[in-house]
Amino acid sequence: MRVGLLVPVLLFGGGLLAQSPSKCSRPELAGQTKDAATVVRLEREWSAAFMRGDTDFEACLLLPEYQEITSHGKVDDLSAELAHAAKNKGKNLPMPEFHAPTVLLRDDVAVAHGDVHYKDAAGKDHEMQYADFYHWENGGWRVFFAQQTSVPSGS
């Protein structure tokens, strides 16, 4: 879960193409197990990476065929995600209010879903529901799909 497009935000930099897991020796990706706790940890790491503009981490976590449906209803791909994140590099953005997601596990697939609250650049409060879809491969989780849905004020 990353706040993404709603904060003028959700990526560019280091590499626009996803890296193979064997080339990703990031400490945040070490010690993964096939459980909900690992997925929750990866959700937090992904959000932090997005807010820092750490596109190298995202390129390791997200599969090359990654797609997302943005809060505005647009379908984006990995290069768009990385371009959005890259805009955050050097901005020292605060982490949004993050509640631990609910994680559904079935065989080699996990879905993390939940809500996030944040303020935009004008200070206006926002809420978003999200779902991130993970696939277990080669001893680790990788994200292949995500969706964000804006929650109207007062809902």
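When ligands, DNA and RNA are left out and all protein chains stay put, how many square angstrom of accessible area per residue does the range 72-135 have with a 1.4 Å probe?
Per residue, the range 72-135 has an accessible area of 57 Å².
Using the reciprocal of the averaged 1/r over all distinct C-alpha pairs, how large is the Kirkwood radius of the range 29-103 in Å?
Every distinct Cα pair counted, the radius reaches 13.4 Å.
Using only the Cα atoms of the range 82-126, build the gyration tensor, take square roots of its eigenvalues as a ≥ b ≥ c, and label the shape rounded, prolate or oblate: rounded if a/c is under 1.5, else prolate if a/b is larger than b/c, else oblate.
Judged from the Cα gyration tensor, the range 82-126 comes out oblate (a/c at least 1.5, b/c at or above a/b).
What does the charge add up to near H117, with Lys and Arg as +1, Asp and Glu as -1, over the other residues with Cβ less than 13 Å from its Cβ?
Counting the neighbours of H117, the net charge comes to -3.
Leaving out ligands, DNA and RNA, what percent of the accessible area of the range 25-155 is carbon and sulfur, probe 1.4 Å?
54
Taking the Cα centre of the range 35-123 as the origin and placing charges on Cβ (Lys, Arg +1; Asp, Glu -1), which of P96, G114, S79 is farthest toward the positive end of the dipole?
Going by the charge dipole, the pick is P96.
On a straight-distance basis, which lysines could pair with K74 in a cross-link, Cα separation under 30 angstrom, same-chain partners fewer than 8 positions away excluded?
Those lysines meeting the cut-off are K87, K89, K91, K119, K124.
Could you work out how far the C-alpha centroid of the range 73-108 sits from that of the range 40-72, in angstrom?
Here the two parts' Cα centres lie 4 Å apart.
Using only alpha carbon positions, build the gyration tensor of the range 56-155, then give the equivalent ellipsoid semi-axes as the square roots of 5 times its eigenvalues, largest first, whole angstrom.
24, 18, 13
The values are calculated or read from the model by the stated rules, or taken from the named source; none is laboratory data. Keep in mind that this is a model prediction, so the values were computed, not measured. Because the Cβ atoms are built from the backbone with ideal geometry, glycine has one as well, and the counts that use them run over all protein chains shown. Protein only, heavy atoms only, side chains kept; ligands, DNA and RNA dropped before computing areas. Shrake-Rupley method; radii C 1.70, N 1.55, O 1.52, S 1.80 Å.
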